[in-house]
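The values are calculated or read from the model by the stated rules, or taken from the named source; none is laboratory data. Not measured: the values here are computed from a predicted model. Note that each Cβ is placed from the backbone with ideal geometry, even for glycine, and that neighbours are counted across all protein chains shown.
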């Protein structure tokens, strides 16, 4: 999949800003979708926190779908008490408050 952040129109969060502010991170993933807009399903074992809506001008990619960003957490990370949240940062982690349409979220490092 070849993402084009330029095709993004908006980011839809399924949780309020206070909830997002309490999170250390969300997982930023790419998902091949059949539609440009509307909610998508999170992969098994994950909870959908937000997703990108694409512009009407966004074209399907070479795989025949639309490459969209989704933002998830694993079920064990959702309450913020998970050891994984306190001890390590996954490679796909971004600060949810830095996510904007058309721009990648700020990646977090293990030192943060």
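Give the residues of the range 44-64 that are in contact with a strand residue (DSSP E or B) (Cβ under 7 Å, 6 or more places away or on another chain) and more than 20 Å from residue 4 (Cα to Cα), sorted by residue number.
45, 46, 47, 48, 49
In the list 81, 68, which residue meets the criterion of being crowded, with 18+ Cβ neighbours inside 10 Å, at pLDDT below 95 and out of contact with any helix residue (DSSP H, G or I) (no Cβ under 8 Å at 6 or more places or on another chain)?
Numbers: 81 fails: crowded, with 18+ Cβ neighbours inside 10 Å.
One residue alone meets the criteria, 68.
Would you be able to tell me the number of residues in the range 1-22 that are touching a strand residue (DSSP E or B) at 6+ places or on another chain (Cβ under 8 Å) and at pLDDT 90 or above?
Count: 10.
Tally time: how many residues in the range 39-70 are under 11 Å from residue 29 (Cα atoms) and in a loop (DSSP other than H, G, I, E, B)?
2
Of everything in the range 10-27, what is out of contact with any helix residue (DSSP H, G or I) (no Cβ under 6 Å at 6 or more places or on another chain) and surrounded by 12 or more Cβ atoms within 10 Å (Cβ to Cβ)? Give them in sequence order.
10, 11, 12, 13, 14, 15, 19, 25, 27 - these are the residues of the range 10-27 that are out of contact with any helix residue (DSSP H, G or I) (no Cβ under 6 Å at 6 or more places or on another chain) and surrounded by 12 or more Cβ atoms within 10 Å (Cβ to Cβ).
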